[in-house]
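Below is one structure, written out as structure tokens, with a few remarks after it.
The values are calculated or read from the model by the stated rules, or taken from the named source; none is laboratory data. The structure displayed is predicted, hence computed values, not measured ones. A quick note on method: Cβ atoms are made from the backbone with ideal geometry, for glycine too, and the neighbour counts reach across all protein chains shown.
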């Protein structure tokens, strides 16, 4: 079964910390740091590798919102430490990652992160940039508002530098300047924890996406929950296909505009060069 899906998981693992207490929805007693580590272990045990087995091409997870910088310094420091550990683990197991052909992409404003974490992210992204079997997108230091704002700024700079003309501006160009430029369209978005809000996650990219809501908290999310979401997507497939075709017909094409194509190529080179410079930088 080859699904060819891009599944986005709005896990919002920070929900584990939102109650302001040490309980896990009054069912499991842990300290906050232990709860978060439990969530990460659950991801590795129940979800990591399952998408590869199902031949799902691309998965996006919402790991850290820019809004979460407003939390207490203790919580932010804990999450930054966990992120350091995870990216360090990626580099330790790089041979396995390369063997499986997993491409890691981080979408978000990583310049907001500590310098050492920026470097770890750059190392992992550059290491896996040519892998093609599957893609894991990690939304880190991300919100849709920041992403759309950054896209508009990128286009404005292009106009100021005369790489673009004002008439080139349309929603296709905005789309191509988002952090998700190198990502596939989102087919299915899974929202865990019984929440009915999207927490500023991929708002631009989900106009024809199937949304699936589950009461399961992220550490409880297993292969069976994933399969239930996929079955729900299959039920909606025909209607979704019609909707996507409609939007595609209404979407302005930019491939015929050589000026825009050259500009986007320049943007790609600049973004990659920024990662290279971060990778080469010395962390004090």
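For every residue, the table says whether it meets (1) more than 15 Å from the chain's Cα centre (by Cα); (2) modelled with pLDDT of 90 or more.
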position	(1), (2)
59	no, no
75	yes, no
80	yes, yes
84	yes, yes
90	yes, no
95	yes, yes
98	yes, yes
102	no, no
108	no, yes
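Could you give me the residue pairs with C-beta distances under 8 Å whose first residue belongs to region 99-127 and is touching a residue at least 12 places away in the same chain (Cβ under 8 Å) and at positive phi, whose second residue is part of a strand (DSSP E or B) and surrounded by fewer than 20 Cβ atoms within 10 Å (Cβ to Cβ) wherever it lies, and which are 6+ apart or on separate chains? Here the result reads 101/134, each pair linking region 99-127 to a residue that is part of a strand (DSSP E or B) and surrounded by fewer than 20 Cβ atoms within 10 Å (Cβ to Cβ). Can you spot a residue in region 134-157 that is over 23 Å from residue 68 (Cβ atoms), out of contact with any helix residue (DSSP H, G or I) (no Cβ under 7 Å at 6 or more places or on another chain) and at pLDDT below 95? Checking region 134-157: at least one residue is over 23 Å from residue 68 (Cβ atoms), out of contact with any helix residue (DSSP H, G or I) (no Cβ under 7 Å at 6 or more places or on another chain) and at pLDDT below 95.
The residues of region 210-257 that are part of a loop (DSSP other than H, G, I, E, B), at pLDDT below 90 and touching a helix residue (DSSP H, G or I) at 6+ places or on another chain (Cβ under 8 Å), listed by number, are 214, 216, 217, 221, 222, 251, 252, 253, 254, 255.
Scanning region 74-121 for residues that are surrounded by fewer than 18 Cβ atoms within 10 Å (Cβ to Cβ), in a helix (DSSP H, G or I) and touching a strand residue (DSSP E or B) at 6+ places or on another chain (Cβ under 6 Å) turns up just one, 112.
Evaluate the following for residue 197: is it touching a strand residue (DSSP E or B) at 6+ places or on another chain (Cβ under 9 Å), under 19 Å from residue 267 (Cα atoms) and assigned to a loop (DSSP other than H, G, I, E, B)? Criteria not met by residue 197. Please work out which residue is nearest to residue 171 (Cα to Cα), limiting yourself to region 249-271 and to residues that are under 23 Å from the mean Cα position of the chain (by Cα) and without any contact (Cβ under 8 Å) to a residue 40 or more places away in the chain. Among those residues, the one meeting the criterion is 265.
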